[in-house]
Each structure stands twice: as structure tokens, then as C-alpha cells.
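Worksheet: one structure, shown below.
The values are calculated or read from the model by the stated rules, or taken from the named source; none is laboratory data. Because the structure is a prediction, the values reported are computed rather than measured. Please note: Cβ atoms are built from the backbone with ideal geometry, for glycine as well, and neighbour counts cover all protein chains shown.
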Amino acid sequence: MKVLFITGEASGDSHASNLINSLRKINPDIKFYGIGGKKMEKAGVKIIYPSDKIAVIGFSEVFSKISNLKEARRQISTCIKENKFDFAVTVDFPGFNISIARTLKNMGIPIFYFITPQVWAWGKWRSKSLSKYFKGLFVIYPFEKSFFDKEGIKSFFLGNPLLDIVKSEGKLKIKDLPSGNPLIAILPGSRETEIKRLLLPILKAFRIFKEKHPGSKAVIALHEEKDLSMTQEIGKELLNGIEIFHGRTYDIINCSDLAVVSSGTATIEAGILQTPMVIVYKLSYISWIISKILARVKHFGLVNILFSERIVPELIQKEVNPKRIAKELEMVYEKRENISKQLKKLKPLLGSEGVYDRIANKILSMV
């Protein structure tokens with residue numbers, strides 16, 4: 001059996017590799033091919049094109065990577081023609097994956113979507129393509145299934161996979177981190193563009209917060225080591241007294257009293273670990289204008305969307321400035337016990353552990 005996986009982002013690479021491991025437990029003879037990163041490669045996937053070359057955030061960033069996206073499409077199209085795949089799984093990354101799904105569908109290859117596009121927030125026109133090209137949609141939030149049910153599109157909510165992976169490993173303990181009260185985790189994102197837009201205002205906000213709380217300390221949690229030199233170049237003297245770690249995000253969040261988090265999956269991760277946070281998000285001007293026109297949701301922070309109310313502050317675009325971040329961080333610090341208590345209710349909304357195994361079994365039962 002041959003299976004194709006396609007993703008375009010670091011989080012997708014992680015989720016795909018875990019699902020691949022679950023599929024392999026059921027059928028050890030499956031051969032995997034795809035577009036992905038180091039984790040998929042470690043899971044035994046023959047990488048056709050590296051996903052980090054096509055990762056983008058927002059609309060305008062697509063233009064800077066058009067040549068890479070075209071090359072990735074050529075490579076994967078050739079791979080599809082040369083191999084008879086039994087099925088394919090696309091993970092997130094809708095702009096690229098939906099166009100590839102059309103090619104796969106035309107060749108009679110069953111396609112499953114794991115972590116579907118946020119059509120409930122914007123881009124509702126994509127619902128028709130999801131219904132037309134995909135044999136099964138595996139959503140990770142209960143409200144997504146409700147949305148697709150109303151649209152008459154078959155989908156499955158078997159739980160959120162973060163429940164399987166968001167666990168403090170204990171490799172970093174409180175004694176390994178700077179001694180401070182409070183200790184603040186800074187998560188500036190996994191993409192280069194996110195770090196460039198968010199890190200500086202967050203660091204400046206921490207300096208403002210520290211003036212009122214001189215005993216406070218901050219640590220930066222990076223997704224990968226490759227972002228270290230860029231982080232150091234951006235932060236410069238603002239990084240004095242601030243330690244930087246990579247690959248230890250869950251331990252850092254778990255040990256911290258507060259967090260400033262780039263919007264996205266990390267907000268759910270911090271929520272699962274019950275760490276009060278301020279959510280920040282900043283797009284390019286063009287991407288912001290487009291998203292503002294298309295958006296159909298009251299909140300953009302996933303934690304707040306799940307609760308249908310603003311549990312934690314969320315700041316976007318011009319609001320992402322040092323004074324405003326510091327102000328909201330102060331508010332979160334004052335209300336931290338109440339926020340943590342509310343975040344305890346998050347995990348039951350996401351289902352139960354064993355998500356990857358359930359999805360793997362469901363997919364194999366459908367092919």
C-alpha cells in the first residue's frame with residue numbers, strides 16, 4: 001500500500017508524522033510519500049519537496065513564494081503520476097492542498113482532509129471543493145463539525161490531536177528556568193514572518209511590565225533552533241536577562257505563570273496547560289484588509305472561539321504595541337487564578353486522548 005501526505009507548515013508536519021505512526025501501527029507495510037518536514041521524514045516518509053520552502057502566513061506572503069509553490073506542485077504531480085497511491089491525506093495548508101486534491105480526485109485517488117480549512121471563519125466558498133474532492137473530513141474542533149453538518153458535508157470529529165501531544169515532558173523544570181515572579185513565557189510563533197512582526201513589541205511590553213514588577217522574568221520558546229539567530233538579531237539588548245529555548249515549549253508553558261502567545265494552535269496548547277495568556281496576531285497590511293473583509297467570527301483566538309466568549313485578551317494589528325500588550329498582561333496577571341480556573345474546562349471540549357489512532361482506524365476502514 002502506498003500513501004501520499006501533503007502539508008505545508010511546521011504544525012502540519014508534526015500532526016502528519018503522528019498520524020503516519022498510527023497508520024503504520026495498524027499496517028506496517030504502508031509506504032509513505034509526501035511534502036513535509038523533518039518529523040515526517042523521521043517517521044519514514046520519502047519527502048518529495050520540503051514543506052518549509054512553501055510555508056506562508058496570510059495572503060500577501062503567497063506572492064513571495066510563488067516559484068517554490070509552482071515547483072512543489074510540479075514535483076508532487078510527477079510523483080502522483082509515477083506512483084499508484086491507495087489514498088492521500090492532506091493536512092491543513094488549504095490554498096495548496098485543495099488545488100492538488102482536484103488532481104488526485106481526477107486520478108481516482110481517495111483523499112482525506114485532516115485539520116480542515118477554517119471555512120467557518122472565512123472562505124466559505126471552499127466548502128463546495130471540500131464536498132466535491134474529499135472522501136472524508138477530519139475536523140479538530142466540535143464547532144467545525146456543526147458547521148459542516150449545516151452545509152450538508154460529511155465530517156468526523158474524533159477529538160483534537162493536541163490532547164495526545166500537549167504534555168509537559170519534565171525535561172525542563174522550574175529550577176532550570178530563570179527564577180522570577182511572575183515567570184512569563186513568550187511564544188512569538190513558528191514562522192519567520194510571525195517572529196519578525198511580534199517579537200519586538202512583546203519584548204518591549206515585557207520591559208514595561210517589569211518596571212512595575214521588577215521580580216518578573218521572561219523566557220522565549222522557539223519552535224526550532226534555526227530561528228535562534230534571527231531572534232537574537234531582532235531582540236538585541238532587549239534580550240538581556242531573557243533566556244531562549246527551542247523544542248521545549250510545553251515544559252516552558254507549564255512552568256510559567258503567564259504567556260504572550262502568537263495566535264493559532266499555541267493558544268490551545270497554553271489553554272490545555274491552563275496558563276493565562278495574552279494572544280497577539282499581526283498580518284501584512286494587504287492580508288489584514290482581505291481577512292477583515294472575509295472574516296465571519298467575533299473572536300480570532302481559538303481559546304475564545306471554543307468558549308464563545310473572551311476568556312483571555314486578544315490583540316490584532318495596531319493593537320499589537322508595547323503599551324497595549326503590557327496593559328493586557330497586567331490584567332491577566334491580576335486575574336490569573338480565575339482565568340486558569342476557566343481554562344480547566346477546555347480539555348473536555350476537545351474530546352479524549354487517542355485521537356491519531358482513532359483517525360487512522362477510520363481512514364483505513366474507508367479505503
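Points worth noting:
- Listed here are the helices (runs of 4 or more DSSP H) enclosed by region 1-108 that have at least 3 residues being modelled with pLDDT of 90 or more and under 30 Å from Ile195 (Cβ atoms): 10-26, 38-42, 66-82, 94-106.
- Unique match (being surrounded by fewer than 21 Cβ atoms within 10 Å (Cβ to Cβ), without any contact (Cβ under 8 Å) to a residue 60 or more places away in the chain and either of a type in the set (S, T, N, Q) or not assigned by TED's automatic domain parsing to the domain that holds Arg336 (or both)) among Lys210, Lys154: Lys154
- Any chance Ser127 is in contact (Cβ under 8 Å) with a residue 24 or more places away in the chain, part of a loop (DSSP other than H, G, I, E, B) and within 30 Å of Lys362 (Cβ to Cβ): no
- The residues on offer are Asp149, Asp164, and the sole one that is at pLDDT 90 or above and in contact with an Asp or Glu (Cβ under 6 Å, 6 or more places away or on another chain) is Asp164.
- When region 1-10 is filtered for residues that are under 16 Å from Thr116 (Cα atoms) and touching a strand residue (DSSP E or B) at 6+ places or on another chain (Cβ under 9 Å), the ones remaining, listed by number, are Phe5, Ile6, Thr7, Gly8, Glu9.
- Residue within region 308-324 that is surrounded by fewer than 18 Cβ atoms within 10 Å (Cβ to Cβ), assigned to a strand (DSSP E or B), at pLDDT below 95 and in the same structural domain as Thr267 (by TED's automatic domain parsing) present: yes
- For region 83-93, the criterion of a residue being of a type in the set (Asp, Glu) and within 19 Å of Met366 (Cβ to Cβ) is satisfied by at least one position.
- Yes/no for Leu172 being surrounded by 14 or more Cβ atoms within 10 Å (Cβ to Cβ), assigned to a loop (DSSP other than H, G, I, E, B), over 17 Å from the mean Cα position of the chain (by Cα) and not small (Gly, Ala, Ser): yes
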